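The values are calculated or read from the model by the stated rules, or taken from the named source; none is laboratory data. Fair warning: this is a prediction, and the values are worked out from it, not measured in the lab. FYI the Cβ positions are ideal-geometry reconstructions off the backbone, even for glycines, and counts take in every protein chain you see.
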Amino acid sequence: MKKIFSLILCTVFLLGCSESFLDRQPEDTLAPGTFFKSPADIKAGLVGAYKPLQALFAVTALPHILGQMSDDGTSPYNSFVWHTFYKVNTNSAPELWDGFFKLIVNANNIIEVAENYTPKSDAEDTVVKAYLGEARFLRALAYFYLVRLYGDVPMVVARFHDPGTAFGIGRTPVDDIYRQVIIPDLEYAFEHCYKKNDPALAGEGARVTKGAALTILGKVYLTLKDHTKAAATLKKLVVDGEAGHYEL
């Protein structure tokens, strides 16, 4: 037993003295600066950016919470805010806050990559701008829910190169977030994303389309009580067919 222990100590000592053993690149993550070299790489990152939606819109998450808070199906003996209609600092559905900001962080990462990518052809430029439109839509969607759930929230529109810079960011007024993020992002998504049933979306019908961007943008204007812009936006969707064929 002593021989085995001594052998282990010697091995650890010898390995510990080797700089090559300690100076290793991470093997469980991909560095954005070296991985994203093609539109296919950007798409791979974009697919990952969608992931928080699975948890956020699970039947026990956002649909359940908003459903409970909008009707009489509540329990006075339950401590959850969506059952009691009484919001407290210790329970304000933090999983929604965390999930939507994770979606924003993911989107910001892809936005930076796509904006810094130099297309090699016009066709490639169209593809990358579509990916950028999808990422900006995801960011806008996240903020649209956050401002309606929590009011003023931190406005983060750039990638965190240093995680430490995420601390201490104050809240931005709701109106500024609508004007500077939500509406411009949705307008960009409408301009550059593919239409419904575009061949580029074959087998990938869950991706963001021009129709999705117009739909949420119309809802944004309805939320802001700007009925004129809401009507004009939704007319493009249902009447003019600018995003493909949709009907009421």
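Okay, residues lined up against (1) within 18 Å of Leu103 (Cα to Cα); (2) in a loop (DSSP other than H, G, I, E, B):
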position	(1), (2)
His161	yes, yes
Ile177	yes, no
Glu191	no, no
Leu222	no, no
Leu234	no, no
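Would you call Leu149 out of contact with any Cys (no Cβ under 8 Å at 6 or more places or on another chain), under 20 Å from Leu103 (Cα atoms) and at pLDDT 95 or above?
On the way: out of contact with any Cys (no Cβ under 8 Å at 6 or more places or on another chain): yes; under 20 Å from Leu103 (Cα atoms): yes; at pLDDT 95 or above: no.
So Leu149 does not fit the description; no.
Name the residue, out of Gly218, Gly205, that is crowded, with 16+ Cβ neighbours inside 10 Å, within 21 Å of Leu141 (Cα to Cα), of a type in the set (Gly, Ala, Ser) and under 25 Å from the mean Cα position of the chain (by Cα). Working first, answer last.
Working: Gly205 fails: crowded, with 16+ Cβ neighbours inside 10 Å.
Just a single option satisfies the conditions, and that option is Gly218.
Look at region 147-159 and say how many of its residues are assigned to a helix (DSSP H, G or I) and of a type in the set (A, V, I, L, M). Even if it seems obvious, please write down each step before you answer.
Within region 147-159, the subset assigned to a helix (DSSP H, G or I) is 147-150.
The next check asks that each one be of a type in the set (A, V, I, L, M); those that pass are 147, 149.
Residues in region 147-159 being assigned to a helix (DSSP H, G or I) and of a type in the set (A, V, I, L, M): 2 in total.
Being part of a loop (DSSP other than H, G, I, E, B), closer than 13 Å to Glu242 by Cβ and out of contact with any Cys (no Cβ under 8 Å at 6 or more places or on another chain) is the filter here, so list the residues in region 195-218 that pass it. I'd like the intermediate steps shown before the answer.
Narrowing region 195-218 to residues part of a loop (DSSP other than H, G, I, E, B): 195-198, 202-209.
Narrowing further to those that are closer than 13 Å to Glu242 by Cβ: 195-196, 209.
Lys195, Lys196 - these are the residues of region 195-218 that are part of a loop (DSSP other than H, G, I, E, B), closer than 13 Å to Glu242 by Cβ and out of contact with any Cys (no Cβ under 8 Å at 6 or more places or on another chain).
Does region 125-164 hold any residues that are touching a His at 6+ places or on another chain (Cβ under 9 Å) and surrounded by fewer than 16 Cβ atoms within 10 Å (Cβ to Cβ), and which are they?
Once the filter is applied, which keeps residues that are touching a His at 6+ places or on another chain (Cβ under 9 Å) and surrounded by fewer than 16 Cβ atoms within 10 Å (Cβ to Cβ), region 125-164 yields only Thr126.
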